[in-house]
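**Q** I have a structure here, written as structure tokens, and I will follow up with some questions on it.
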């Protein structure tokens, strides 16, 4: 096994480990919530509202970098967790609906796009044009990651390959915000951009392979 294959295998194990952990945590936490009147759509709305609030908070980093970056990271994580729990609640309570699934996917893009938009404005304020361009590329890449999966599944194919799915992007953005007072945010965005576009390429090639196998 070559170095590239070993690295890919390690990344896949890391991804599988924390994805499984997140799902286990959600399953354990959702039992009591399923017995309440809280609906999955309510969690979805709360989650995207918190992500939008986090984007606004991050924008004011010039007033107090440590306070506003860390507060934005905390609010963004809480909002993202609610986005995980809404699907778990729908499945646990038998409340899964086509509209709920559609709403969840749509609001995921809204929350992430708002945060990346705020980060782009921050780089613009500081005159960091390279990081600004990377953030714009990250927005396009992150949207395409979701689009390629949706399009693949519409064709009856698998499109969930790659290491740059939304869960990974949330981790990278949050880490970038936490370490932003020390100049790490731009490097987190560079990583996010690279992994998002690599994932888009992986999914395109994966769909192509599946279509060839059908012939």
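The values are calculated or read from the model by the stated rules, or taken from the named source; none is laboratory data. These numbers were taken from a predicted model, which means no experiment stands behind them. With ideal geometry, Cβ positions are generated from the backbone for all residues, glycine too; neighbour counts draw on all protein chains shown.
**Q** Can you find a residue that is under 22 Å from residue 82 (Cβ atoms), in contact with a helix residue (DSSP H, G or I) (Cβ under 7 Å, 6 or more places away or on another chain), crowded, with 19+ Cβ neighbours inside 10 Å and touching a residue at least 40 places away in the same chain (Cβ under 8 Å) anywhere in region 120-140?
**A** No, because not a single residue in region 120-140 is under 22 Å from residue 82 (Cβ atoms), in contact with a helix residue (DSSP H, G or I) (Cβ under 7 Å, 6 or more places away or on another chain), crowded, with 19+ Cβ neighbours inside 10 Å and touching a residue at least 40 places away in the same chain (Cβ under 8 Å).
**Q** Among all residue pairs at least 6 apart or on different chains, which show Cβ distances below 9 Å where the first residue, located in region 107-119, is without any contact (Cβ under 8 Å) to a residue 24 or more places away in the chain and the second is crowded, with 16+ Cβ neighbours inside 10 Å and part of a helix (DSSP H, G or I)?
**A** Correct list of pairs: empty, since none qualify.
**Q** Follow-up. Of all the residues that make up region 187-205, how many are surrounded by 20 or more Cβ atoms within 10 Å (Cβ to Cβ) and either touching a residue at least 60 places away in the same chain (Cβ under 8 Å) or more than 16 Å from the chain's Cα centre (by Cα) (or both)?
**A** Number satisfying all stated conditions: 2.
**Q** Looking at (1) at pLDDT below 60; (2) over 21 Å from the mean Cα position of the chain (by Cα); (3) surrounded by 12 or more Cβ atoms within 10 Å (Cβ to Cβ), which is the one condition that is false for residue 25?
**A** Going through (1) at pLDDT below 60; (2) over 21 Å from the mean Cα position of the chain (by Cα); (3) surrounded by 12 or more Cβ atoms within 10 Å (Cβ to Cβ) one by one, residue 25 breaks only (2).
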